[in-house]
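Peer 1: Have a look at this one.
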Amino acid sequence: MRNGRTALTILVLLHCFSGSVLAEKQQEEPCPRCFFPDLWKDQKKIWTAPFKKTTWDSPTPFIMLDVAGASFALDVEVSRSLRENESFEDFNKVFASRAADIILTAYPLSFVALGYITDNKELAVYGWKATEAALNALIVTVLVKKATLRARPHTGDPYGFWEGGNSFPSGHAAISWAIAAYSAKHFSDKKWVRWVAYPIAGLITFVRVTSGNHFVSDAVTGSMIGFSIGRFVVK
């Protein structure tokens, strides 16, 4: 119950934070019927991007691949040390709880609902696009999980790919970073937004490791996927 109240408090604070920013933005028209066509376009963009020369004109994808690749070196000692550290126990109970999972899912959709309830069009627009970013991240991570079948940390095999698991990459990390990156882009005129959104996404990513749900590389790769979707894919 305490964990649920804590998670609910976080959701309320996030609404207050986003609402105060959105109140200053010019009203745009939400387009619910555009959601699935835009999602389809996003998915085509995501899966064809590696085959386009323009993708590799920037150093960004190379840096992301290097970081994701290097994170595998942390899957044995560092991952085990973090998940066995008892000082994170209370921290994990709050941020790796079922209530926290529900809030991560409900966060963008709640802005859609609140936008229509309060007749705040910009609130609804932000909610739809944040939901689009989150769903794109979910689709990508589910498909990659199906392709890699990596075992979870509790099996004791840090390199247990194609063994029937669903550890790689972290869906929570991908979704949280997709929402954070899109929020930072949506509120690009408010530089401080990124200083709130990215640490929250980082916190969610970190707890996926400390709670023993993922290896470091699962969390890092999920973060890279989510950031790329929120920053470069969703418009």
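The values are calculated or read from the model by the stated rules, or taken from the named source; none is laboratory data. Keep in mind that this is a model prediction, so the values were computed, not measured. All Cβ positions, even for glycine, are placed from backbone atoms using ideal geometry, and neighbour counts span all protein chains on display.
Peer 1: Between a residue in the stretch 74-103 that is under 14 Å from THR205 (Cα atoms) and any residue that is among the hydroxyl-bearing types (Ser, Thr, Tyr) and surrounded by fewer than 12 Cβ atoms within 10 Å (Cβ to Cβ), which pairs come within a Cβ distance under 9 Å, given they are 6 or more apart or on different chains?
Peer 2: If the second residue must be among the hydroxyl-bearing types (Ser, Thr, Tyr) and surrounded by fewer than 12 Cβ atoms within 10 Å (Cβ to Cβ), no pairs are left.
Peer 1: Now, a different point. Quick check: anything in the stretch 111-127 surrounded by 14 or more Cβ atoms within 10 Å (Cβ to Cβ), out of contact with any His (no Cβ under 9 Å at 6 or more places or on another chain) and among the charged types (D, E, K, R)? Spell out the reasoning first.
Peer 2: Going through the stretch 111-127, the residues surrounded by 14 or more Cβ atoms within 10 Å (Cβ to Cβ) turn out to be 111-112, 114-116, 120-127.
Right, trim to out of contact with any His (no Cβ under 9 Å at 6 or more places or on another chain) and you get 112, 115-116, 120-124, 127.
When the remaining residues are screened for being among the charged types (D, E, K, R), the result is 121-122.
Checked against the condition, which is being surrounded by 14 or more Cβ atoms within 10 Å (Cβ to Cβ), out of contact with any His (no Cβ under 9 Å at 6 or more places or on another chain) and among the charged types (D, E, K, R), the stretch 111-127 yields at least one hit.
Peer 1: Just to be sure, is ARG194 part of a helix (DSSP H, G or I), among the charged types (D, E, K, R) and at pLDDT below 95? Reasoning before the result, please.
Peer 2: Details: part of a helix (DSSP H, G or I): yes; among the charged types (D, E, K, R): yes; at pLDDT below 95: yes.
So ARG194 fits the description; yes.
Peer 1: Here's something else I'd like to know. Against the condition among the charged types (D, E, K, R) and surrounded by 17 or more Cβ atoms within 10 Å (Cβ to Cβ), how does ARG83 come out, does it pass?
Peer 2: Values: among the charged types (D, E, K, R): yes; surrounded by 17 or more Cβ atoms within 10 Å (Cβ to Cβ): yes.
Considered against the rule, which asks whether it is among the charged types (D, E, K, R) and surrounded by 17 or more Cβ atoms within 10 Å (Cβ to Cβ), ARG83 comes out as yes.
Peer 1: Consider the stretch 94-130. How many of its residues are of a type in the set (Asp, Glu) and in contact with a helix residue (DSSP H, G or I) (Cβ under 7 Å, 6 or more places away or on another chain)? Let's see the steps before the verdict.
Peer 2: Initial filter on the stretch 94-130 (of a type in the set (Asp, Glu)): 101, 119, 122.
Cutting the leftovers down to in contact with a helix residue (DSSP H, G or I) (Cβ under 7 Å, 6 or more places away or on another chain) gives us 122.
Qualifying residue count for the region: 1.
Peer 1: Of the numbered conditions (1) of a type in the set (A, V, I, L, M); (2) under 15 Å from the mean Cα position of the chain (by Cα); (3) modelled with pLDDT under 95, ALA181 fails exactly one; give the number of that condition.
Peer 2: Among (1) of a type in the set (A, V, I, L, M); (2) under 15 Å from the mean Cα position of the chain (by Cα); (3) modelled with pLDDT under 95, the lone unmet condition for ALA181 is (3).
Peer 1: Residue under question is ALA219, and the condition is that it be out of contact with any Asp or Glu (no Cβ under 9 Å at 6 or more places or on another chain), closer than 14 Å to SER167 by Cβ and touching a residue at least 24 places away in the same chain (Cβ under 8 Å); does it hold? Give the derivation first.
Peer 2: Values: out of contact with any Asp or Glu (no Cβ under 9 Å at 6 or more places or on another chain): yes; closer than 14 Å to SER167 by Cβ: yes; touching a residue at least 24 places away in the same chain (Cβ under 8 Å): yes.
Yes: the conditions hold for ALA219.
For (1) buried (at least 19 other Cβ atoms within 10 Å of the Cβ); (2) small (Gly, Ala, Ser); (3) in contact (Cβ under 8 Å) with a residue 12 or more places away in the chain, each residue gets a yes or a no:
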position: PRO153; (1), (2), (3): yes, no, yes
position: GLY156; (1), (2), (3): no, yes, no
position: PHE161; (1), (2), (3): no, no, yes
position: PHE187; (1), (2), (3): yes, no, yes
position: ALA201; (1), (2), (3): yes, yes, yes
position: PHE215; (1), (2), (3): yes, no, yes
position: GLY226; (1), (2), (3): yes, yes, yes
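Peer 1: For the stretch 26-51, give me the residue count where each residue is loosely packed, with under 14 Cβ neighbours inside 10 Å and over 21 Å from ILE139 (Cα atoms).
Peer 2: Number of matching residues: 5.
Peer 1: Here is a further query. Against the definition (surrounded by 24 or more Cβ atoms within 10 Å (Cβ to Cβ), assigned to a loop (DSSP other than H, G, I, E, B) and touching a residue at least 60 places away in the same chain (Cβ under 8 Å)), how does ARG208 come out, yes or no? Lay out the reasoning, then the answer.
Peer 2: On the way: surrounded by 24 or more Cβ atoms within 10 Å (Cβ to Cβ): yes; assigned to a loop (DSSP other than H, G, I, E, B): no; touching a residue at least 60 places away in the same chain (Cβ under 8 Å): yes.
So ARG208 fails the test.
Peer 1: So is GLY164 within 24 Å of GLY69 (Cα to Cα) and modelled with pLDDT of 95 or more or not?
Peer 2: Working: within 24 Å of GLY69 (Cα to Cα): yes; modelled with pLDDT of 95 or more: no.
No.
Peer 1: Collect the residues in the stretch 117-140 that are in a helix (DSSP H, G or I), farther than 28 Å from GLY222 by Cβ and touching a residue at least 60 places away in the same chain (Cβ under 8 Å), keeping them in residue-number order. Walk me through how you get there before you give the answer.
Peer 2: Here is the first cut: in the stretch 117-140, the ones in a helix (DSSP H, G or I) are 117, 121-140.
Then keep just the ones that are farther than 28 Å from GLY222 by Cβ; that gives 117, 121-122.
Correct list: LYS121, GLU122.
Peer 1: Can PHE88 be described as buried (at least 19 other Cβ atoms within 10 Å of the Cβ), among the hydrophobic types (A, V, I, L, M, F, W, C), at pLDDT below 95 and within 17 Å of ILE175 (Cα to Cα)?
Peer 2: Values: buried (at least 19 other Cβ atoms within 10 Å of the Cβ): yes; among the hydrophobic types (A, V, I, L, M, F, W, C): yes; at pLDDT below 95: yes; within 17 Å of ILE175 (Cα to Cα): no.
Criteria not met by PHE88.
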